[in-house]
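Written below as structure tokens is the structure these notes are about.
The values are calculated or read from the model by the stated rules, or taken from the named source; none is laboratory data. All of these numbers come straight from a predicted model, not from anything done at the bench. Here the Cβ positions follow ideal geometry from the backbone for every residue, glycine too, while neighbour counts run over all protein chains shown.
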Amino acid sequence: MTSILGMTGCALVMVFFGLLMTQARSRSVRVRCVILLVMIVAMFIPVNGLIALGYVRGLIGDMSFTTWLLALLGIHAQLTNRERFTTRDYCGLMMLLIASSLFLYPFTLGLTIFDPYTLGYGSYGFDLALLLIALLAWWKKFNLVVLCLMGGIFAYHLNLLESGNLWDYLIDPISLTLALGWCVEQAFRKRQAMASFPSLADQTQAFTKIEIVTYMFVLVMVLIGYGMASNDEQMFEEVYVKEDGLIEWLTVLGFAIGSLVCFRRVFTLRSSHSMLFLGLSMMLGLAFLFVAGEEISWGQRLLNVESADFFRDHNAQEETNLHNLEVGGVKLNKLIFSKGIAVLMVLYFAVLAPLYSKKPRIAKWVDSLGIPIPKLHQSIACLIMLLITQLMVDSSNRGELAEFGGAFLFTIIVAYPSNHRAF
Amino acid sequence: MPDSSHNSPRSLMHWGVLALVLLNVGLLALTNPTRAISAGFVVEPDLSPRDPSTTPIYESRFVGAGVPAFSHSASMVEISDGRLRAFWMGGGSHEGKSDVAIYTALFDPATNAWTRETPIIQVDDSQRHLHRNIHTVGNATIHKFDSGRLLLWYVSVSVGGWAGSSINMIHSDDDGETWSAPKRLVTSPFFNLSSLVKSPPVRFTDGTIGLPIYHEFMGKFCELLRLTPDGKVLHKQRLTKGRRTLQPAIIPRSETEATAFLRRSDKAPRRAITVATSDGGLSWGEPLILDMPNPGSPISALRLDTGELLIVFNNVPRKRDKLTLAISSDEGVTYDIIKEIESKGDHLSNGFGYPWLMQSSTGQFHLLYTWRRERIKHLTFNRAWLEQNRSSR
């Protein structure tokens, strides 16, 4: 006997997404019922000896109790236009879902020996953590969290899914998708609320044609790279991303455009902004230029020649050390450089940008310095690009693709910042 | 609409919910103890000293009658009457297609002949039993219990290539004539994607099984799955991380020690990798890159009574043009080649690979391997031949 909870979970998700995509909530009661019926019938259409639901199950697997419940609540909301739980209840659950997904999923891809998934096979520590979360949720009256935890653990006791791992009863990638979708929906609702202040809402997060074209361009080039790396790694490395190849020159172009934007800004705003502002914009332009040059290695070669000559002159006898040092020196520089960049990125996107929109004093300071703040969709584009290049592209040269993406996306941020009124 | 119910005084139901929480999680702790308890490996004894024949035997033949046009990834087990039963994936044209099935055939040592192969797992059957769409099947790995029950693990794919694989398990109590419905093993929270099998399982002293598995989606790494005889997953331990290794073959050395030979999966170095454990598989050390070449293909090994390892591998850094039998006394760090089993491959034919080395109860050695992706080749040799060939080199 196969898993009833698993199959019904898939069915509920299928029906919910069907109702969601047809915007059933905004239609008349009769139309809503029709859509529901159509979805239910569609599930049972046989294709090659298997009902359509079986194909959905093959694609998404068995659903956890949380997804089962969220899909059920979603269907109820779509059909009756009423929520059974408050926004606060949902918020608590979604935050918990996102946090636990961040804990679980990255490690499953093999980054470390430690795998939190194994905790679900049996661990007192895990049980204790669940107890504490459940008690906290109960005490603070996050009823939906308590319900999901209790339902999931209860289903685990009864072995209602094919899995013997407690994690699979509590979360799955679809519940994470629902949580992220809910967050996006909440953000849109807030934006609509702010629509009564059009000068604020419209311009800080707007899409321009050039931004959309750039996103498409970067996405296509990255996906071509991904496809190439998956099928013919040699071609990817020796043609696409090679030294002085297509991707490398495009990266140079991206950074060059970025530096031009900065220099033009310095020129046009020279009489209306402070020296500090102009100076920093100039420095940003020079930084872009430097990185563009670095791509074609003139900076690197400069450093190499210098260190080789220097050490050769000063350390003629210890050849082994010299070799190690030189190689070590270049490698060490690169390591510090890349780690430093990573920290700066996190600070920029995840700390400065949110602080800008929350604290007016910081916003004023950032504007006076001329630091461009990314729009939400620009940050998301950067994240997606990073995820695709770092996680999906199967080649040691995936960094070249990320540099290309970064070149154009950073130029976009500088050219069309969220705080454009400061420029 | 504003809701301030979270500020109202607690009702009886709320206290009832608290009791439920404590009961539910309490039950969890009682029935779900920490599973990561080592039980100690069972070191499979080398039976070749009990083989009375002093005449060297070295014979080879093809498995089955060549019914499927494409054959790959074989495993084999000795059944109750001394015959050998082999399992492999075969099909019309290519791996990864929906006409691929898991085939089986029988070998009778008395007549030195194989029966004609029959399919036991087909895509349609799997689809019906697992209630989800199945695109292809592959990689059958067999194990026999002392009770005579046969356990077969195989891989099925619903979406995508081998990176989208999941492991299923079937069992037979009549030496492989009839089989149970498949049971899915859930080994990953990410859509249960990308777990595969290749090498034979190890046994633990408490009766549980350690199935070596590997992942191919994004990360490429190896794990040891701890199972009960009826397929309940107890624990999972990573052998490696990152993207470098696949298809672990684990050979215990003592109750606490074992070596795993790993196929390398990145571009360089093109050499085999081993990891070792000294606590019964609970933790594994740093990967060691051997001198042994590896063109991205799995290795099979057996331990002799002398403690040495008999290893079958592709002794070339690229392609699978050579298949070699070697012996090592230091877990693969150094090795002596006993015989080049196959040495005339060409890049078009995909060479020779996926070895499965085992012993029958008579002490004879049996090796199955993929021959040019068209057939499975079966090689038989004995201890006498081994001693003769290792001393002559």
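Structural remarks
- When restricted to residues that are assigned to a helix (DSSP H, G or I) and within 14 Å of chain B (Cβ to nearest Cβ), the range A:387-403 contains 7.
- Qualifying residue in the range A:31-42 (condition: small (Gly, Ala, Ser) and not in a loop (DSSP other than H, G, I, E, B)): yes
- Selection count, the range A:122-140, where residues are at the interface with chain B (Cβ under 7 Å from one of its Cβ atoms) and buried (at least 20 other Cβ atoms within 10 Å of the Cβ): 6
- Positions within the range A:50-107 being in a helix (DSSP H, G or I), more than 26 Å from B:Gly219 (Cα to Cα) and in contact with a His (Cβ under 9 Å, 6 or more places away or on another chain), in sequence order: A:Leu53, A:Gly54, A:Arg88, A:Asp89
- For the range B:237-259, the tally of residues that are within 14 Å of chain A (Cβ to nearest Cβ) and within 15 Å of the chain's Cα centre (by Cα) stands at 4.
- Set A:Gly61, A:Gly54: member being at the interface with chain B (Cβ under 9 Å from one of its Cβ atoms), more than 28 Å from B:Leu239 (Cα to Cα) and in contact with a strand residue (DSSP E or B) (Cβ under 9 Å, 6 or more places away or on another chain): A:Gly54
A quick yes/no check of all residues on (1) buried (at least 17 other Cβ atoms within 10 Å of the Cβ); (2) closer than 16 Å to B:Ala101 by Cα; (3) touching a His at 6+ places or on another chain (Cβ under 8 Å):
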site	(1), (2), (3)
B:Arg149	no, no, yes
B:Leu152	yes, yes, yes
B:Ile170	yes, yes, no
B:Phe191	yes, no, no
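- Residue check, B:Glu223 touching a Phe, Trp or Tyr at 6+ places or on another chain (Cβ under 6 Å), free of Cβ contacts under 8 Å to residues at least 60 places away in the same chain and acidic (Asp, Glu): no
- Close pairs (6 angstrom Cβ cut-off, 6 or more residues apart or separate chains): more than 7 Å from chain B (Cβ to nearest Cβ) in the range A:109-121, of a type in the set (A, V, I, L, M, F, W, C) anywhere: A:Pro116/A:Phe103; A:Pro116/A:Leu104; A:Pro116/A:Phe107; A:Leu119/A:Phe126; A:Gly120/A:Leu166; A:Gly120/A:Trp167
- Filter pass, B:Gly231 being within 13 Å of chain A (Cβ to nearest Cβ) and within 16 Å of the chain's Cα centre (by Cα): yes
- Whenever a residue of the range A:134-162 is over 15 Å from B:Gly16 (Cβ atoms), its partners that are of a type in the set (A, V, I, L, M) and part of a loop (DSSP other than H, G, I, E, B), lying with C-beta atoms within less than 6 angstrom and at least six residues away or across chains, give the pairs A:Tyr156/A:Leu166; A:Glu162/B:Val186.
- Among the residues of the range B:191-235, those identified as farther than 24 Å from A:Asn159 by Cα and basic (Lys, Arg) are B:Lys198, B:Arg203, B:Lys220.
- Filtered residue count, the range A:336-370, keeping only those that are loosely packed, with under 14 Cβ neighbours inside 10 Å and not in a helix (DSSP H, G or I): 1
- Residue that is farthest from B:Phe62 (Cα to Cα) [pool: residues in the range B:86-105 that are part of a strand (DSSP E or B) and of a type outside the set (A, V, I, L, M, F, W, C)]: B:Gly91
- Search result, residues across the range A:143-158 that are more than 18 Å from B:Pro189 (Cα to Cα) and at the interface with chain B (Cβ under 8 Å from one of its Cβ atoms): A:Val146, A:Met150, A:Phe154, A:His157
- Number of the condition not met by A:Ile373 [criteria: (1) under 25 Å from A:Tyr226 (Cβ atoms); (2) surrounded by 17 or more Cβ atoms within 10 Å (Cβ to Cβ)]: (1)
- Lone unmet requirement of (1) in contact (Cβ under 8 Å) with a residue 12 or more places away in the chain; (2) within 14 Å of another protein chain (Cβ to nearest Cβ) for B:Gly148: (2)
- Qualifying residue in the range A:222-243 (condition: under 15 Å from A:Gly293 (Cα atoms) and touching a helix residue (DSSP H, G or I) at 6+ places or on another chain (Cβ under 8 Å)): no
- Among the residues making up the range B:106-141, those that are assigned to a strand (DSSP E or B), crowded, with 24+ Cβ neighbours inside 10 Å and among the aliphatic types (A, V, I, L, M) are B:Ile121, B:Val137, B:Ala140.
- Candidates are the residues of the range B:147-164 that are of a type outside the set (Gly, Ala, Ser) and modelled with pLDDT under 85; the one that is farthest from A:Ser163 (Cα to Cα) is B:Trp162.
- Scanning the range B:39-60 for residues that are more than 15 Å from B:Leu357 (Cα to Cα) and at pLDDT 90 or above yields B:Gly40, B:Phe41, B:Val42, B:Val43, B:Thr55, B:Pro56, B:Ile57.
- Within the set A:Thr87, A:Thr67, the sole residue that is within 30 Å of B:Leu227 (Cα to Cα) and more than 7 Å from chain B (Cβ to nearest Cβ) turns out to be A:Thr67.
- Taking the range A:1-52 as the range and being of a type in the set (Gly, Ala, Ser), touching a helix residue (DSSP H, G or I) at 6+ places or on another chain (Cβ under 7 Å) and loosely packed, with under 13 Cβ neighbours inside 10 Å as the test, only A:Gly49 passes.
- Test result for A:Leu104, under 25 Å from B:Ser156 (Cα atoms), at pLDDT below 90, within 12 Å of another protein chain (Cβ to nearest Cβ) and surrounded by 13 or more Cβ atoms within 10 Å (Cβ to Cβ): no
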